[in-house]
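> Please read through the structure below; I'll follow up with questions.
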Amino acid sequence: MPPLTTKRKATGDVWWRNAVVYCLDVETFLDSDGDGCGDLVGLCERVDYLAGLGVSCIWLMPFYPSHQRDDGYDITDYYGVDPRLGTHGDLVELVRTARDRGIRMIADLVPNHTSDRHPWFRSAREGRDSPYHDFYVWADEKPAEKPGDVVFPDQENSNWAYDRKARRWYLHRFYSHQPDLNVANAEVRDELAQVAGFWLEQGLSGFRLDAVPFLVEPIGMPPGAIADPHQLLRDLRRFMGRRNGESILLGEVNLSPEQAVEFFGARGGEQLDMLFSFTVNQAMYLALAREDARPLAAALDALPPLPQDCQWAHFVRNHDELTLDKLAPEERAEVFAAFGPDPGMQLYGRGLRRRLPAMLGGDQRRMRMVYSLMFSLPGTPVLFYGEEIGMAENLDIEGRYAVRAPMQWSDEPNAGFTTAEETRRPVLAGGPFGFREVNVARQRRDPHSLLNWMERLIRRRRECPELGWGDWTPLAQDDPAVLAHRADWGGSAIVALHNLGGRATQARLELAEEGVLVDLFGERDLDAGGRRAIALEPYDHRWFRLRRPGRRAAP
Ligand code: NOJ
């Protein structure tokens, strides 16, 4: 059958191109048994909340047994469920319940490294005779390093650590308690595929693949140890396709667009299906800081064409520091000055440990404009839990974890997250973003709340596959504060206008087509034809669907 790339039914087939993804950490979402730690049963209780919001895919942050020195990214058992969160049974019930509500689930897969407490590494330390020694990357002498290659410069000053027991150096691209797996070893690759296969059998629809560029770099390996590093991704993709045809790989690849597209592969379905667009995210913050859309337009323009069935994933915020590493130093300084001038808000000299609402001083118009903008970009939107209600960071929590405070459900003690008195990470209690002010319960009762607006935005986005599938075209503007673009797909078009500036302005629109521009968030339909100026309020956002003469109206 030829690929159905211009029909709505294609959106159920290549489902990830029109998904709305919601990332959460089970540990901080909802505690069902009052022990102070969120759990799988708690999350299952809130599946209907997420379904009501319109989310179509949940991304679970690592839920595996771990040493808890990197919030679960330091895994001690790839096949297990962290007992604090629940059991395998709880997970499968959750996956099943979510699927019943039309929600697929993906989870973090962390193949680059294990915890140093993982049984493989414990055995590997015994020395060369251990069957697991070659599961890791070793050197007898400390290898030379490039300056600046350390990911967490606050805690590490080298990518190599000496193990006294093995009496050799081992590679760790992240923390020294996270030894890198030796993916040149066919047995390691086989194990990793088996891990992926295991979780697909439990009902997951794929993975967010952690730290992909590090995974494929042959650091510390003898020359030629991996003939083609990308073969690992091709093999994993093919294996997953055989096991579950709808499964996806969503990659964490923070590289330039030209480098990043190599991780899709030349043809669709060859390596990763989706990549986060870090360059678009960073350019968006620069554009917001300047109230000038041009950096964002340039970053979008720089995205190379996608191979068939592949997709960009866009986000406002993720669970790590908001990295600005791809901006020039002066640009990064501008974003810091606008959104995080206090050094305590910054991290590693390259990022911010804040969430958007606090960066924007709680300006509802501006927040909504930013989410509308992100949702209108050519790609699939990814939300981080709490964004739908405008949660802010808790700077009392150290480092990157400031944005990983418990979910704010209500104004009850501990934000309704738990009945326990103690939580591992404190809820945000005071100030305008504290849980008494910002919580789900309150916003559900307010028809004008961010939560209800977000629900509407998600519904609209899912009804507009043109945005996820279509050809993106910027529309020339007189005012640099305005980003105007259209997305065309299968004879249908969406036009989106965003005013990044705090002044009222006008968008210029010159469409060749006749017809009506149907206002998708309001009641102000417009004639499409000819040249026109459309008034925009400060931080305004507007979406239209072009209804050509004689065509039926979409709802
Ligand atoms: C990337 C993850 O996003 C981050 O949270 C983690 O610390 C590193 N990988 C190391 O696993």
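Coordinate-derived values only; no laboratory data. Keep in mind that what you see is a predicted model, and the values were worked out from it rather than measured. Note that we place each Cβ from the backbone using ideal geometry, even for glycine, and neighbour counts take in every protein chain shown.
> Once you have the Cα-Cα distance between E93 and Q364, take 0.36 nm times their residue separation minus that, and quote the gain in nm to one decimal.
Between E93 and Q364, full extension yields 93.9 nm more.
> Report, in deg cm²/dmol and to the nearest 500, the calculated mean residue ellipticity at 222 nm for the chain, where each DSSP H run with n ≥ 4 adds -39500 (n - 2.57) and the sum is divided by the residue count.
Mean residue ellipticity, 222 nm, calculated: -7500 deg cm²/dmol.
> Can you compute the FRET efficiency between E145 and R101 using 1/(1 + (r/R0)^6), with r the Cβ-Cβ distance and R0 = 45 Å? Round to the nearest 0.05.
After rounding, the FRET efficiency stands at 0.40.
> Round to the nearest 0.05 the FRET efficiency obtained for T473 and E412 when R0 = 51 Å and r is the Cβ-Cβ distance.
Given R0 = 51 Å and the Cβ-Cβ separation, E is 0.55.
> Using θ = phi - 60° and the Karplus form 6.51 cos²θ - 1.76 cosθ + 1.60, what ³J(HN,Hα) does each residue of region 432-446 get, whole Hz, x for Gly and Pro?
x, 9, x, 5, 6, 8, 10, 7, 5, 4, 5, 6, 5, 7, 10
> When every alpha-carbon pair in region 206-330 is counted, what percent end up more than 21 Å apart?
In whole percent, the long-distance tail amounts to 44.
> Can you give the alpha-carbon Rg of region 363-407 over 2.2 N^0.38 Å, where N counts its residues?
1.33
> At most 11 other Cβ atoms within 10 Å and a DSSP loop assignment: could you name the GluC sites (Glu not before Pro) in region 391-481 that fit?
Answer by residue number: E398, E421, E422.
> List the pair-distance distribution P(r) of region 285-429, using every Cα-Cα distance, as the percent of pairs falling in each 10 Å bin from 0 up to the bin containing the longest distance, rounded to whole percents.
Bins of 10 Å from zero give 10, 37, 34, 14, 4, 0 percent of pairs.
> Next up: Can you spot the lysines whose alpha carbon is less than 20 Å from K146's alpha carbon? Ignore those fewer than 8 places along the same chain.
K326
> Moving on to the next point. Distance in nm between label sites at D396 and R424, each 7 Å beyond Cα in the beta-carbon direction?
Those two pseudo-labels are separated by 1.9 nm.
> I've got another one for you. In nm, give the distance between the simple-model label positions of R242 and R267, each being 7 Å from the Cα along the Cα-to-Cβ direction.
1.7 nm
> What is the Cα coordinate range of the chain on the first, second and third principal axes, sorted by size from largest, in whole angstrom?
That gives 76, 54, 49 Å along the principal axes, largest extent first.
> Quick one: helix 231-243 against the long Cα principal axis of the chain, what's the angle to the nearest 10°, folded into 0 to 90?
So the inclination is approximately 70 degrees.
> Where in region 198-218 is the amide nitrogen less than 11 Å from a point lying 7 Å along the Cα-to-Cβ axis of D325?
Under cut-off, by backbone N: 211-214.
> How tilted is helix 186-201 with respect to the longest principal axis of the chain? Cα atoms for both, answer in degrees (0 to 90, nearest 10).
So the helix axis and the longest Cα principal axis differ by about 50 degrees.
> Report the antiparallel proportion of the DSSP beta bridges in the chain as a percent, rounded to a multiple of 5. Intermediate results must be reported in sequence, preceding the final value.
Numbers: 44 of 71 bridges.
Once the DSSP bridges in the chain are tallied, antiparallel ones form about 60 percent.
> Between region 349-375 and region 261-280, how many Å separate their Cα centres?
Region 349-375 and region 261-280 have Cα centres spaced 26 Å from each other.
> Further question on the same structure: Once you place label points 7 Å from the Cα toward the Cβ at A302 and K7, how far apart are they in nm?
It works out to 3.9 nm between the two label points.
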